[in-house]
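First up is the structure itself, then whatever we jot down about it.
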């Protein structure tokens, strides 16, 4: 690739500049400020774009503001001629590439045309100035060697950086013994998951043994259940046997018993029938006996009275009225006698008679003549007595009158006026005079004085005093005295004034009045006393007269009494007190006695007749009471009549009984026949045997019933006959065994079923468990994530490794080739003073002299250093000529070279010219001279 | 001639974990975990509803030593459902669930007929047609020798079906298991070859049908597309196979053009639109996005966030989305080299690209040698390419930053 023409529309100081260059060496000469660097930069700008505005590099925009940009005309072995034009546009400029065939293209194609080189890479090899070489001075050995390599291999530094970064990133992803990097973490997680899965698997691994166990348990349970069933059946059989065996035994026993009993038949209902017959028989027999007895009884004849007696009785009964009349007479006589006796008794009592007097009275003379003799005697005596009584009464009256008068006398003595009253009375005329005087004076002065008050006081005092004396109460007397004194004082104080006079009059007027009255009273009293004395005297005289009269009467009376006594001296009783009455009573008494004698006679007569009657009846009927005589007679009669009737009846009855007896006998015979009939069947002769036969029959019946019962119970258990060989104890033992076995089985079954349930649960759980698959899936996810990370890691590793390999490839293949060429040239340049540039083990460059001495780069002289550097660059350019056949652009790099070395340099460059175009910018004019042959010299700023 | 009908499935890999689901959260994981069961349930539901004459399952019901108990119980329950529906099942175990494993086994109901460790025949009659099935179960993890010789040639009468879990001889992409060639199979004169082992659905031949039904649910990015099983109607004259999809979640990839998009929100919208289109078609998905035409977007993206952040932003749009959407990766085109010096990058990239798989393994040796190596899969060619690309991109980016 070679530049044919440079056209600058506007670039720095250059405007519309056109520079034609040739394929080989071109020297672009210009003094300072001519714009050499501007042209050099313009070439780079056009190829790789204008620098960004913020970049350090200059953009060389025309200060005039004119057209900016330019174009390069290029010949290219590979792509033919093409032209690149870059003008102002976007910041890197708008670029257009024109091909020879007229095809136009832009940036994309340009990259290809520039072989992917960017400006930095281009500059690192193909474009350098003295300045860039001079920079080496300041670099240390590492930098130099790196820069040497880097500048020769385009941005190797970047690769290193990337490699380092990759290494770091890898470490961040994964460390062999690390823990924190994500891959290590993932690994850890995976491991944990694996562990968890193992555990889960182990857990699930129990599934099979568990299912086997479950199957075993299932089978065991089934077997046990079967056995249980069998045992149940057996137990059932035993149970049945337990119930059946006693029944069978009973059956057997009953059968045997039945066989032992005689097989006689017993008439149906025999006993009842027999008993009925027997009772009927006994009934009939007793009936018969009764009849016979009755017959015997009836056969006795009834005793009866003979007809004459009966007729006598009937007669007596007909005379009953007569009998009653007799009885009535006796009764009334007795009553009469009793009444007379009563009367006699009354009279006797009334007369107060003793038995002796009674006797005498019967003969006493009670004539009316005698009665008249006695009457006047009695009259006289009575009159005297009456007079005496009247006198006595009069005497008593006179004495009581005298008593009264004495009492009045004593009373008057008490009413006698007191001494004080007498004194007052004595003073009365004085007082009266004073009062009149006062009145007179008052009347003169038309005034009156009142002396009443003192008078009143005094009177009051007197009165009270009188009362006190009368009552003998000295306190009151004292009070009266005080009053009187007060009255006197008042009196004395009677004022002389008219006023006083009035008072005086008022006071004493009343007093005087009082006094007057008192005087009258005293006089009255004296008069009464005199009257009383006179009365007493008169009464005393009357009393004496009466006493004399009484004496006389009493004497008269005594004389009358003696006369009467003489008259009644011979009488059994004193009949003088009430003579007429006494005589009447005595006469009555004598009458009663006479009547009594008459009635007693009649009574005795009646009684005699009755006795005769009773004796006659008693002869016939035996001893008999008189009162019940007729009752018994009547009874006797009725009895007689009844006996006759009865006798008739008895005869009738006997006839009846005979016929009844016949009947009963017939019945008895029938019953007996029937009984015999009954006895005939069980072949017995008497009742005991019959009953024994019945008992046997009953037993047989009972046994038969039992047998039936047992048979029916047995029939319940089975249709076919059951036979058991066991004995009961054996059976019992077997039952116990079965029960125990059943319990054991049940226990085991329960435990097994529990286990079954648990296992079922566990198995189901395991079967449904997602855990394992979840873990698996999670494991896969983590694995994928790890792989993802591993990929990242590997990618980084690949990048790193590829960079390393490329670098080492360079080191091992390209670099040795470059170095060989560089060595040749370096050796040539230095006139074989230095033979090679080699790399130390550490990767640093060193120069080795022909004698084998090696120097580090910084130990070389400035020019030699530049020469070493140039040798390397040119060797690189030469090496890359196929891939990057770019022109080499140099900005005065040879200034430090001596002539010899410069000419050698020129030789080397000439050697390179066929493959590379050279643009050499210089300010040294003589430099043109150094180049010979086909060298184009262009002066800058000369157009 | 009777036509019989059966379902052909293989490689259920029940309850096996999804691989490569880095950064998935618990919600996503739960969803994924359900998916193999969900797919299997669809299969069973289809069988119960459609009542085929029988079902063949050609190996790899479980995922190997890691088989979960839950998976077995679910399988057992499903078999029970088929038993209840009176559908016989013929199954052989494959390399993943070979007979030598000492894992717990659950007992299967009586409708399930398991082939033993040597090729054996099972014969019975359906509607007067004699059906003969040949097959075998893997006695151990590896069966590298061909088993095809042990299969008897079909007789003149009846229908013959071969069950074979293995791979075509010479297929370097998969490890060799019971290798066979198509012509070997054809020589047996069977009416249908029910194959298993390869998870990608494919028809090796038409006469007779030699069929890999593929697995019923994709489980990583290499098992893309709709998965399912075959509903086969077979008579001596002809065979009809109908594919029945089962996959609950579909692994898929999508290219999104970013032409004309400058800003992030527009980019998110464009991605969503594209994804929603796929969701509408496939339902739940795990998707790998590939970005193209990113020139205009590039500056913006590069400056504002890292690629993983963009992935997070986009994932956030689909958190708890129904149907389920998980964005596995976003592939960005490698940055153009225009920005930086080729001279610097080129030699390094040249070095990088010159590496062979062994060289990469060598790089990995530090990891492989470490205990981490246990968890890291060996690199594949495609991995190498990817890594190469990533490394180049990283290098370029770093150089750009440093330069």
Exercise for review: May I ask you to say which residue of A:314, A:336, A:320 is loosely packed, with under 15 Cβ neighbours inside 10 Å, in contact with a helix residue (DSSP H, G or I) (Cβ under 6 Å, 6 or more places away or on another chain) and touching a residue at least 24 places away in the same chain (Cβ under 8 Å)?
Suggested key: A:320
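Give A:496, A:571 a once-over and let me know the one that is surrounded by 11 or more Cβ atoms within 10 Å (Cβ to Cβ), modelled with pLDDT under 75 and outside any helix (DSSP H, G or I).
On the way: A:496 fails: surrounded by 11 or more Cβ atoms within 10 Å (Cβ to Cβ).
Step by step, each of A:496, A:571 is checked, and only A:571 is surrounded by 11 or more Cβ atoms within 10 Å (Cβ to Cβ), modelled with pLDDT under 75 and outside any helix (DSSP H, G or I).
Quick check on residue A:514: is it touching a residue at least 40 places away in the same chain (Cβ under 8 Å) and either touching a helix residue (DSSP H, G or I) at 6+ places or on another chain (Cβ under 7 Å) or assigned by TED's automatic domain parsing to the domain that holds residue A:436 (or both)? Quick ask: steps written out before the conclusion?
Working: touching a residue at least 40 places away in the same chain (Cβ under 8 Å): yes; either touching a helix residue (DSSP H, G or I) at 6+ places or on another chain (Cβ under 7 Å) or assigned by TED's automatic domain parsing to the domain that holds residue A:436 (or both): yes.
Against the criterion (touching a residue at least 40 places away in the same chain (Cβ under 8 Å) and either touching a helix residue (DSSP H, G or I) at 6+ places or on another chain (Cβ under 7 Å) or assigned by TED's automatic domain parsing to the domain that holds residue A:436 (or both)), residue A:514 qualifies.
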Exercise for review: Please work out if residue B:78 is assigned to a loop (DSSP other than H, G, I, E, B), modelled with pLDDT of 80 or more and over 17 Å from the mean Cα position of the chain (by Cα).
Suggested key: no
Study note, to complete from the structure: Of the residues in the stretch B:366-388, those that are at the interface with chain A (Cβ under 10 Å from one of its Cβ atoms), more than 24 Å from residue A:781 (Cβ to Cβ) and surrounded by fewer than 16 Cβ atoms within 10 Å (Cβ to Cβ) come to B:369
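Pick from A:876, A:929, A:919: which is outside any strand (DSSP E or B) and within 30 Å of residue A:77 (Cβ to Cβ)? First the steps, then the outcome.
Working: A:929 fails: within 30 Å of residue A:77 (Cβ to Cβ); A:919 fails: outside any strand (DSSP E or B).
Just one listed residue meets the conditions, A:876.
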Review point. Within the stretch B:111-133, is there a residue that is assigned by TED's automatic domain parsing to the domain that holds residue B:83, within 18 Å of residue B:62 (Cβ to Cβ) and in contact (Cβ under 8 Å) with a residue 60 or more places away in the chain?
Key: no
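Look at the stretch B:238-287 and say how many of its residues are part of a loop (DSSP other than H, G, I, E, B) and surrounded by fewer than 16 Cβ atoms within 10 Å (Cβ to Cβ). Steps first, answer last, please.
Initial filter on the stretch B:238-287 (part of a loop (DSSP other than H, G, I, E, B)): B:238, B:246-249, B:258-263, B:283-284.
So of that shortlist, the ones also surrounded by fewer than 16 Cβ atoms within 10 Å (Cβ to Cβ) come out as B:238, B:259-260, B:262-263.
The qualifying residues number 5.
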Check your understanding: When you scan the stretch A:176-187, how many residues do you find that are surrounded by 13 or more Cβ atoms within 10 Å (Cβ to Cβ) and either more than 10 Å from chain B (Cβ to nearest Cβ) or in contact with a strand residue (DSSP E or B) (Cβ under 8 Å, 6 or more places away or on another chain) (or both)?
Key -> 4
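Given the criteria assigned to a helix (DSSP H, G or I), surrounded by fewer than 19 Cβ atoms within 10 Å (Cβ to Cβ), more than 9 Å from chain B (Cβ to nearest Cβ) and without any contact (Cβ under 8 Å) to a residue 60 or more places away in the chain, does residue A:824 qualify?
Working: assigned to a helix (DSSP H, G or I): yes; surrounded by fewer than 19 Cβ atoms within 10 Å (Cβ to Cβ): yes; more than 9 Å from chain B (Cβ to nearest Cβ): yes; without any contact (Cβ under 8 Å) to a residue 60 or more places away in the chain: yes.
Judged against the criteria, residue A:824 is a match.
Which of the residues that make up the stretch B:1-41 are more than 17 Å from the chain's Cα centre (by Cα), part of a helix (DSSP H, G or I) and away from chain A (no Cβ under 14 Å)? Step through it out loud before you land on a result.
Just the residues of the stretch B:1-41 that are more than 17 Å from the chain's Cα centre (by Cα), to begin with: B:1-7, B:22-31, B:41.
Add one more test, that the residue is part of a helix (DSSP H, G or I), and what stays is B:26-31, B:41.
B:41 - this is the single residue of the stretch B:1-41 that is more than 17 Å from the chain's Cα centre (by Cα), part of a helix (DSSP H, G or I) and away from chain A (no Cβ under 14 Å).
One residue is enough: does the stretch B:103-114 have a residue meeting the conditions crowded, with 17+ Cβ neighbours inside 10 Å and outside any loop (DSSP other than H, G, I, E, B)? Please lay out each step first, then the result.
At the first step, the residues of the stretch B:103-114 found to be crowded, with 17+ Cβ neighbours inside 10 Å are B:103-104, B:106, B:108, B:111-113.
Filter once more, so that each one left must be outside any loop (DSSP other than H, G, I, E, B): B:112-113.
Within the stretch B:103-114 (the criterion being crowded, with 17+ Cβ neighbours inside 10 Å and outside any loop (DSSP other than H, G, I, E, B)), the answer is yes, since at least one residue qualifies.
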**Study point:** Residue satisfying all of: in the stretch A:793-815; modelled with pLDDT under 85 and more than 8 Å from chain B (Cβ to nearest Cβ); nearest to residue B:16 (Cα to Cα) among these
**Key:** A:804
Exercise for review: Could you check, for the stretch B:60-83, whether at least one of its residues is over 20 Å from residue B:247 (Cα atoms), surrounded by fewer than 19 Cβ atoms within 10 Å (Cβ to Cβ) and away from chain A (no Cβ under 14 Å)?
Suggested key: yes
Review point. For the stretch B:342-365, which residues satisfy the criterion of being touching a residue at least 12 places away in the same chain (Cβ under 8 Å) and facing chain A (nearest Cβ under 7 Å)?
Key: B:344, B:348, B:352, B:364
Check your understanding: Before we move on, is residue A:112 outside any strand (DSSP E or B), away from chain B (no Cβ under 14 Å) and either modelled with pLDDT under 85 or surrounded by fewer than 16 Cβ atoms within 10 Å (Cβ to Cβ) (or both)?
Key -> no
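Yes/no per residue for (1) within 14 Å of another protein chain (Cβ to nearest Cβ); (2) within 29 Å of the chain's Cα centre (by Cα); (3) on the phi > 0 side of the Ramachandran plot; (4) modelled with pLDDT under 90:
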residue	(1), (2), (3), (4)
B:119	no, yes, no, no
B:122	no, no, no, no
B:128	no, no, yes, yes
B:134	no, yes, no, no
B:146	no, yes, no, yes
B:158	no, no, yes, yes
B:165	no, yes, no, no
B:168	no, yes, no, yes
B:175	no, yes, no, yes
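Name every residue in the stretch A:768-778 that is at the interface with chain B (Cβ under 7 Å from one of its Cβ atoms), in contact (Cβ under 8 Å) with a residue 12 or more places away in the chain and part of a helix (DSSP H, G or I), in order of residue number.
In the first step, residues of the stretch A:768-778 are kept if they are at the interface with chain B (Cβ under 7 Å from one of its Cβ atoms); the result is A:768-770, A:772-774, A:776-778.
If we keep only those that are in contact (Cβ under 8 Å) with a residue 12 or more places away in the chain too, we end up with A:769, A:772, A:776, A:778.
Within the stretch A:768-778, A:772, A:776, A:778 meet the criteria.
Any residue at all in the stretch A:835-842 that is surrounded by fewer than 20 Cβ atoms within 10 Å (Cβ to Cβ) and under 19 Å from residue A:893 (Cα atoms)?
Filtering the stretch A:835-842 down to residues surrounded by fewer than 20 Cβ atoms within 10 Å (Cβ to Cβ) leaves A:835-836, A:838-842.
With the extra rule that they be under 19 Å from residue A:893 (Cα atoms), the set shrinks to none.
Taking every residue of the stretch A:835-842 in turn, none turns out to be surrounded by fewer than 20 Cβ atoms within 10 Å (Cβ to Cβ) and under 19 Å from residue A:893 (Cα atoms).
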Review point. Quick one: is residue B:237 in contact (Cβ under 8 Å) with a residue 40 or more places away in the chain and over 17 Å from the mean Cα position of the chain (by Cα)?
Key: yes
Point to revise | Test set (1) within 14 Å of another protein chain (Cβ to nearest Cβ); (2) in contact with a strand residue (DSSP E or B) (Cβ under 6 Å, 6 or more places away or on another chain) - residue A:848 fails condition number | key: (1)
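Which is outside the structural domain of residue A:195 (by TED's automatic domain parsing), surrounded by fewer than 14 Cβ atoms within 10 Å (Cβ to Cβ) and not in a loop (DSSP other than H, G, I, E, B), of A:685, A:712? Can you show your working first?
Details: A:685 fails: not in a loop (DSSP other than H, G, I, E, B).
On inspection, the qualifying residue turns out to be A:712.
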Practice item. Go through A:201, A:251, A:215 for me and flag whichever is at the interface with chain B (Cβ under 10 Å from one of its Cβ atoms), buried (at least 17 other Cβ atoms within 10 Å of the Cβ) and farther than 21 Å from residue A:791 by Cα. Key: A:201
Exercise for review: Tell me, yes or no, whether the stretch A:70-78 has at least one residue that is modelled with pLDDT under 90, over 16 Å from residue A:41 (Cα atoms) and within 14 Å of another protein chain (Cβ to nearest Cβ).
Suggested key: no
Check your understanding: Pick from A:748, A:765, A:788, A:755: which is within 7 Å of chain B (Cβ to nearest Cβ) and in a helix (DSSP H, G or I)?
Key -> A:788
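The values are calculated or read from the model by the stated rules, or taken from the named source; none is laboratory data. For clarity, every value in this text was computed on a predicted model and none was experimentally measured. Please note: Cβ atoms are built from the backbone with ideal geometry, for glycine as well, and neighbour counts cover all protein chains shown.
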